[in-house]
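Worksheet: one structure, shown below.
The values are calculated or read from the model by the stated rules, or taken from the named source; none is laboratory data. Nothing here was measured: the structure is a model prediction, and the numbers come from that model. In this analysis, Cβ positions are derived from the backbone assuming ideal geometry, glycine residues included, and neighbour counts consider all displayed protein chains.
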Amino acid sequence: MRYRNVIPAVFIDRPNRFIAHVDIGGRTETVHVKNTGRCRELLLPGAEVWLSGSDNPARKTAYDLIAVRKATGLLVNIDSQAPNTVAREWLDTQRFDTVRPEYPHGLSRLDFMMERGDERFLMEVKGCTLERNGIGYFPDAPTERGAKHLRELANAADCKPVLLFVIQMDGITVVRGNHETDLAFCQALEDAENAGVKVVFLPCHVEPDSLSFVKNGNEPQL
């Protein structure tokens, strides 16, 4: 996926989870943060960030904050909508006969339902933006909704359930549950794996204006 009208800026602060203040060439601008997670290790004063300009003149904010460079130099895409877009691009390479987004199942609406011949798959997508010592972790904030989706997958006996982690940074190939932040999610993840849910990691390449899954011949397959 690719963004339009991308410009660099410097992060100042984040008054709440929806907006941030940034410096654009000496001018302070209020921008929308496309991630309601904490992002505490990313959105630090002075951090280099990238913004995508909106074409909607009616918006209160002219820009979305989409990427940030950590002090280590690692570039991280923090757009919480991007993982589903990249997941769909990857699914289009998996030879499915049918791919349906936002599929209702039980008490939830899961991200994708796929069919290939007589096989039916249900898939939930999670984006990983938290990295420690070369390993990805999820979530970076408590998510009861995430645990609920895992329970739905674990109870999906009529299909092949899949949890896909889209890794929104380069060089990370595995994601673990973040016990420090959400023990309930981590337990739901363990229960889901024990129930037969397939956990798939999708490594990605990040540029300031794009996020794409890595095509190196070792992409995961379903």
Discussion item. Which numbered condition in (1) out of contact with any Pro (no Cβ under 8 Å at 6 or more places or on another chain); (2) modelled with pLDDT of 95 or more; (3) within 30 Å of S52 (Cβ to Cβ) is the only one that P208 fails?
Written reply: (1)
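Could you count how many residues in the range 119-142 are in a strand (DSSP E or B) and either out of contact with any Gly (no Cβ under 6 Å at 6 or more places or on another chain) or over 18 Å from T181 (Cβ atoms) (or both)?
The first filter runs over the range 119-142 and keeps only residues in a strand (DSSP E or B), leaving 119-128, 130-132, 135-138.
Filter once more, so that each one left must be either out of contact with any Gly (no Cβ under 6 Å at 6 or more places or on another chain) or over 18 Å from T181 (Cβ atoms) (or both): 119-127, 130-132, 135-138.
Matching residues across the range 119-142 total 16.
Conditions tested, residue by residue: (1) buried (at least 22 other Cβ atoms within 10 Å of the Cβ); (2) more than 19 Å from F201 (Cα to Cα); (3) assigned by TED's automatic domain parsing to the domain that holds C186.
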position: T93; (1), (2), (3): no, no, yes
position: R100; (1), (2), (3): no, yes, yes
position: N155; (1), (2), (3): no, yes, yes
position: V166; (1), (2), (3): yes, no, yes
Worksheet item: Among the residues of the range 79-91, how many are surrounded by 15 or more Cβ atoms within 10 Å (Cβ to Cβ), touching a Ser or Thr at 6+ places or on another chain (Cβ under 9 Å) and within 18 Å of L222 (Cα to Cα)?
Response: 1
Practice prompt. Tell me, please, whether a residue that is surrounded by fewer than 21 Cβ atoms within 10 Å (Cβ to Cβ) and over 30 Å from I7 (Cβ atoms) can be found in the range 51-59.
Written response: no
Discussion item. Just to be sure I understand, how many residues within the range 124-145 are more than 12 Å from the chain's Cα centre (by Cα) and either over 17 Å from P203 (Cα atoms) or not assigned by TED's automatic domain parsing to the domain that holds V200 (or both)?
Written reply: 5
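Kindly indicate which of I167, I135 is closer than 29 Å to T72 by Cβ, of a type in the set (V, I, T) and in contact with a Cys (Cβ under 9 Å, 6 or more places away or on another chain). Reasoning before the result, please.
On the way: I135 fails: in contact with a Cys (Cβ under 9 Å, 6 or more places away or on another chain).
Result: I167 is the single residue among I167, I135 that is closer than 29 Å to T72 by Cβ, of a type in the set (V, I, T) and in contact with a Cys (Cβ under 9 Å, 6 or more places away or on another chain).
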Discussion item. The conditions are (1) buried (at least 21 other Cβ atoms within 10 Å of the Cβ); (2) more than 17 Å from I135 (Cβ to Cβ); (3) among the acidic types (D, E), and D182 fails exactly one of them. Which is it?
Written reply: (2)
Discussion item. Taking the criterion of being within 19 Å of C39 (Cα to Cα) and in a helix (DSSP H, G or I), would at least one residue in the range 165-172 satisfy it?
Written reply: no
Practice prompt. Considering every residue within the range 5-15, establish whether at least one is under 20 Å from the mean Cα position of the chain (by Cα) and under 24 Å from V166 (Cα atoms).
Written response: yes
Worksheet entry | Enumerated strands (runs of 3 or more DSSP E) restricted to the range 1-118, each holding at least 1 residues that are at pLDDT below 95 | 98-105, 108-116
Practice prompt. Look at F201 and say whether it is crowded, with 19+ Cβ neighbours inside 10 Å, within 20 Å of T85 (Cβ to Cβ), out of contact with any helix residue (DSSP H, G or I) (no Cβ under 6 Å at 6 or more places or on another chain) and modelled with pLDDT of 95 or more.
Written response: no
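Confirm whether G146 is assigned to a helix (DSSP H, G or I), closer than 27 Å to L75 by Cβ, small (G, A, S) and touching a helix residue (DSSP H, G or I) at 6+ places or on another chain (Cβ under 6 Å). So that I can check it myself, show each step before the final result.
Working: assigned to a helix (DSSP H, G or I): yes; closer than 27 Å to L75 by Cβ: yes; small (G, A, S): yes; touching a helix residue (DSSP H, G or I) at 6+ places or on another chain (Cβ under 6 Å): yes.
Spelling it out, G146 is indeed assigned to a helix (DSSP H, G or I), closer than 27 Å to L75 by Cβ, small (G, A, S) and touching a helix residue (DSSP H, G or I) at 6+ places or on another chain (Cβ under 6 Å).
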Discussion item. Out of everything in the range 193-216 that is outside any strand (DSSP E or B) and among the hydrophobic types (A, V, I, L, M, F, W, C), what residue ends up being nearest to M169 (Cα to Cα)?
Written reply: V214
